[in-house]
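Input: a single structure, listed below in C-alpha cells.
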Ligand code: HEM
C-alpha cells in the first residue's frame, strides 16, 4: 500500500466550500476509463477549482481555461515539485524539469539536442526492431499481458538505445523503473531514486573522457556557460531522460491497445487506411492524456475566485483540458480525423513542453503499424476486470489480450 494518501489539515486560507474529499491518486474508475471517471469533478454545482486534503493537501484545477492558466505561467507556478506530496519528489533535481525559467533554458537546450529530429530518426529503426521482436515473442501463443510483456519493455529498450547501454542491463533497469513507477510503498519509491542515481553515476564514470556518441558521453563532454557540468547535475539530467519516457509511453500504449481491443471497427479503419495512424496517435493521446501535472505557487495570488498562498501545491489533470467541451466538440468521442486545432496539451504547456514528444509519437506510430500488421484482430480476455493506477501518470498494471494465433 502506498502511504501518500494521508489527509492533511486544511489551511486557514482555504474556503471550506472549496474543500472536496477527493484523492487524485485513488478514485473509483470503471473499466480503466480514468478520463470519464474524472468528469465527476465537473458535475453541476461542483467548484472548478477545489482543495483536496489528500497527499499533503493541494488545489485541483478542472477546466481547460484554468489548467492553461496554471501550466503556462512559470512566473506564478513553479516546477520545483512535480509530484505531490512535496516530500515524495526525486532526491536529486530532475533537470530541466524541476528548474524554472530562465535557468531551465540551458538544460533544456542540452536535452533538446540529444532528442532532436536527427537523433529520433536514428532511434526509429531500433524502436521498430524492438517492437517486432517483442510482438513475435508472444504472437504464436495467441495471448499476452500487453502491459507486462510489451508496454513496459519498449520504453526501457529505447532509453537503452539513447544512452548506449548493453542488453544485459535491461532487467536491473526495469527493476529500478518498477520501484519508481509502481512502488509498494513510499520508501520503495525513494529507494528507486537512490538506485537510479547510482546507475547514472556508474555510466558517467564509465564514459567520462571518452569519445562515444551516446547521450551520456555527449553530456560528459558538454559545457554550460563555459564550465563542465557538475556531476550532481549530470545525474539529474540522465535520470530525467530515463524516467520521463517510461510510464508516459507505457501508459499511452496500454490505453491505445485497450481502445482498439474494444473497438473492432476503429481497428479495421486503421488497418485498412494506415494513413490514419498519425491522426489516431494524436486523438488517442488527447482522449487518454495520462499526466497529472503539479506546480508550486510562487507568490500569493488569486485564481478562479480563490486565494492561493505561496508554497501551496496545485495539480492539473491534463486530460480534463483535453475533454473539456468548452474547447473540443464531442470530446469523449474518438475521431481519428479530428482537426488538429485546437490542440491537446498531453505534452504539457509552454516552458516545459515535452522534449520527448517526437520520440513518443514515433514509438506510438510504430506500435500501431507493426501490431496491426501482425495481430489485426484481438480482444480483451473475457471476464477480465481492468484496473488503473492513477499517479503522476495513469497506467493500467495489466491488460490481458487474446487473439487467434492461426
Ligand atoms: C506519451 C509519452 C509522453 C508524455 C505524455 C509526456 C508528457 C510530458 C509532459 C506533460 C511534460 C511537461 C511536464 C511539466 O511541465 O511538468 C513533459 C516533459 C518532458 N518530457 Fe515527456 N512525455 C512523454 C514521453 C517522453 C519521452 C519518450 C521522453 C524522452 C525520452 C520525454 C522527455 C521529457 C523531458 C526531458 C521533459 C522535460 C522538459 C522540460 O522540463 O523542459 N518525454 N513530458
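The values are calculated or read from the model by the stated rules, or taken from the named source; none is laboratory data. The structure displayed is predicted, hence computed values, not measured ones. Glycine gets a Cβ as well: all are built from the backbone with ideal geometry, and neighbour counts include every protein chain shown.
List, please: which pairs have Cβ atoms under 7 Å, are six or more places apart or on different chains, and start with a residue in the range 83-101 that is over 16 Å from residue 219 (Cβ atoms) and at pLDDT 90 or above and end with one that is within 8 Å of the ligand (Cβ to nearest atom) and part of a loop (DSSP other than H, G, I, E, B)?
Listed by first residue and then by second, the contacts come to 98/79; 98/82; 100/79; 101/351.
Failed condition for residue 220, given (1) under 25 Å from residue 358 (Cβ atoms); (2) out of contact with any strand residue (DSSP E or B) (no Cβ under 9 Å at 6 or more places or on another chain); (3) assigned to a helix (DSSP H, G or I), with all others met?
Status for residue 220: all satisfied but (2).
Give the range 346-369 a look and list any residue that's in a helix (DSSP H, G or I) and touching a helix residue (DSSP H, G or I) at 6+ places or on another chain (Cβ under 9 Å), or say none. Break it down into steps so the answer makes sense when it comes.
Within the range 346-369, the first condition is being in a helix (DSSP H, G or I), and the residues that meet it are 357-369.
Passing the criteria: 358, 359, 360, 361, 362, 363, 364, 365, 366, 367, 368, 369.
Identify, by number, the condition in (1) within 18 Å of the chain's Cα centre (by Cα); (2) within 27 Å of residue 375 (Cβ to Cβ); (3) modelled with pLDDT of 85 or more that residue 189 doesn't meet.
Status for residue 189: all satisfied but (2).
Identify all residues within the range 78-105 that are under 24 Å from residue 160 (Cα atoms) and either touching a strand residue (DSSP E or B) at 6+ places or on another chain (Cβ under 7 Å) or near the ligand (Cβ under 9 Å from one of its atoms) (or both); write none if there are none.
94, 95, 96, 97, 98
Could you list, in sequence order, all residues of the range 210-228 that are free of Cβ contacts under 8 Å to residues at least 40 places away in the same chain and buried (at least 18 other Cβ atoms within 10 Å of the Cβ)?
Of everything in the range 210-228, just one residue is free of Cβ contacts under 8 Å to residues at least 40 places away in the same chain and buried (at least 18 other Cβ atoms within 10 Å of the Cβ), namely 220.
Residues of the range 230-263 being within 23 Å of residue 143 (Cα to Cα) and away from the ligand (no atom under 14 Å from the Cβ), which ones?
Going residue by residue through the range 230-263, those that are within 23 Å of residue 143 (Cα to Cα) are 247, 249-263.
Across the range 230-263, the qualifying residues are 258, 259, 260, 261, 262, 263.
Could you please tell me which pairs satisfy a Cβ distance under 8 Å, a separation of 6+ or placement on different chains, a first residue in the range 360-373 that is within 11 Å of residue 130 (Cα to Cα) and at pLDDT below 95, and a second residue that is more than 9 Å from the ligand (Cβ to nearest atom) and in a helix (DSSP H, G or I)?
Listed by first residue and then by second, the contacts come to nothing, as the list is empty.
What's the number of the condition residue 92 fails, among (1) out of contact with any helix residue (DSSP H, G or I) (no Cβ under 7 Å at 6 or more places or on another chain); (2) under 23 Å from residue 196 (Cβ atoms)?
Unmet for residue 92, out of (1) out of contact with any helix residue (DSSP H, G or I) (no Cβ under 7 Å at 6 or more places or on another chain); (2) under 23 Å from residue 196 (Cβ atoms): (1).
Go through 151, 114, 127 for me and flag whichever is within 10 Å of the ligand (Cβ to nearest atom) and crowded, with 17+ Cβ neighbours inside 10 Å. Before you say what the answer is, go through the steps one by one.
Working: 151 fails: within 10 Å of the ligand (Cβ to nearest atom); 127 fails: within 10 Å of the ligand (Cβ to nearest atom).
When all the criteria are applied, what remains is 114.
So which helices (runs of 4 or more DSSP H) stay within the range 83-185 end to end and still have 1 or more residues that are more than 24 Å from residue 350 (Cα to Cα)? Steps first, please.
Numbers: elements: 104-114, 117-138, 153-163, 170-181.
The helices (runs of 4 or more DSSP H) meeting that bar are 117-138, 153-163, 170-181.
Assess whether residue 10 counts as being buried (at least 19 other Cβ atoms within 10 Å of the Cβ) and assigned to a loop (DSSP other than H, G, I, E, B).
Values: buried (at least 19 other Cβ atoms within 10 Å of the Cβ): no; assigned to a loop (DSSP other than H, G, I, E, B): yes.
When the stated conditions are applied, residue 10 does not pass them.
Tell me, which residue of the range 346-359 that is near the ligand (Cβ under 7 Å from one of its atoms) and surrounded by fewer than 17 Cβ atoms within 10 Å (Cβ to Cβ) is farthest from residue 133 (Cα to Cα)? It would help to see each step written out before you state the result.
Our first condition is that a residue be near the ligand (Cβ under 7 Å from one of its atoms); within the range 346-359, this holds for 346-349, 351-357, 359.
Filter again for surrounded by fewer than 17 Cβ atoms within 10 Å (Cβ to Cβ), leaving 353, 357.
Values: 353: 31, 357: 24 Å.
If we take residues in the range 346-359 being near the ligand (Cβ under 7 Å from one of its atoms) and surrounded by fewer than 17 Cβ atoms within 10 Å (Cβ to Cβ), then 353 is farthest from residue 133 (Cα to Cα).
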